Amino acid sequence: MKPKGGNRKPAGPHGFIRKTRKNNKEGLSSIKKRIRDLGRTLKKGTPTAAMRVEVERKLKALEYEYGEKYIDKHEHDLSSKYRSVKLFELKKAQRKVRRAQKALDAAETDEEKKKCEQELEESKIEQLYIEYYPKTMAYISLYAEEKEQKNVERNVKTRQELKNKIKKILDTHGDFDEISREYRKQLRQELLAQGKIFQTIGAENEMEATEPTSKKDSTAEDDSMKDDFFE
């Protein structure tokens with residue numbers, strides 16, 4: 001006989017039921033309500049100038065948080081949508097790396113070695129393309145055939161752009177997470193232009209002083225994808 005509550009979700013470290021991602025939309029609604037409330041407070045006026053400054057500070061922080069959560073949700077939705085495709089392509093890319101390395105090890109002439117080194121570098125770039133593909137963008141496959149001709153030129157351009165960035169980072173021993181940060185900022189600007197998030201001049205620098213939760217979520221999802229591969 002199963003104990004009562006056997007089908008309940010496992011509790012978190014403090015005994016609370018862990019919230020799922022579906023609550024992210026509720027989080028956005030809650031933040032938006034608080035933003036409206038603070039806006040009304042400012043319109044009505046505050047008893048002191050110091051209090052007004054504090055309300056404005058809280059409002060700016062909430063507006064920035066709203067934008068970050070909005071982008072987090074966008075990233076999570078795309079990660080879920082393309083997870084299987086990326087796992088499949090990651091396996092294929094890793095096989096290509098192993099084959100290229102094996103061919104390089106077996107190469108005898110300088111000409112053969114040079115050719116194998118180029119193939120190995122290209123295979124590694126393809127693997128890194130999959131692992132560090134910007135989560136703010138719909139995934140553009142490395143190996144699948146293009147279904148719509150009108151997207152071919154755009155996709156070829158985007159793929160090559162990302163490969164060039166990866167090669168540059170490899171050559172300079174840079175930070176691959178810079179790719180994610182660059183495209184995340186790009187999406188933020190697009191959402192601002194569309195009026196979907198709030199303009200928060202100056203808030204970015206203040207908030208980026210601490211590690212954003214989105215980066216933690218992103219890292220967790222990357223690790224999860226790699227764990228699935230090695231199972």
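The values are calculated or read from the model by the stated rules, or taken from the named source; none is laboratory data. Remember, predicted model here, so these are calculated numbers, not experimental data. FYI the Cβ positions are ideal-geometry reconstructions off the backbone, even for glycines, and counts take in every protein chain you see.
Test of understanding: among ASP72, ASP37, which residue is among the acidic types (Asp, Glu), exposed (fewer than 14 other Cβ atoms within 10 Å of the Cβ) and modelled with pLDDT of 95 or more? None of the others qualify; the one that does is ASP37.
Applying a threshold of 8 Å to beta carbon distances and a minimum spacing of six or more residues, or different chains, the list of pairs starting in region 90-105 at a residue that is within 16 Å of ILE130 (Cβ to Cβ) and without any contact (Cβ under 8 Å) to a residue 60 or more places away in the chain and ending at one that is among the aromatic types (Phe, Trp, Tyr) and buried (at least 17 other Cβ atoms within 10 Å of the Cβ) reads ALA93/TYR129.
On the stretch given as region 75-109, residues that are acidic (Asp, Glu) and surrounded by fewer than 16 Cβ atoms within 10 Å (Cβ to Cβ) total 3. Number of residues in region 170-191 that are free of Cβ contacts under 8 Å to residues at least 24 places away in the same chain and either under 16 Å from LYS69 (Cα atoms) or of a type in the set (A, V, I, L, M) (or both) equals 4.
Residues considered: LYS157, LYS124, LYS147. Of these, the only one that is among the charged types (D, E, K, R), closer than 21 Å to LYS91 by Cβ and either loosely packed, with under 12 Cβ neighbours inside 10 Å or touching a helix residue (DSSP H, G or I) at 6+ places or on another chain (Cβ under 7 Å) (or both) is LYS124. Set side by side, the residues GLN199, GLN189 differ, and just one is within 26 Å of LYS32 (Cβ to Cβ) and modelled with pLDDT of 95 or more, which is GLN189. The residue pairs whose first member lies in region 111-123 and is in a helix (DSSP H, G or I), whose second member is among the charged types (D, E, K, R) and surrounded by 14 or more Cβ atoms within 10 Å (Cβ to Cβ), and whose beta carbons are closer than 7 Å, counting only pairs six or more residues apart or on different chains, are SER123/LYS96.
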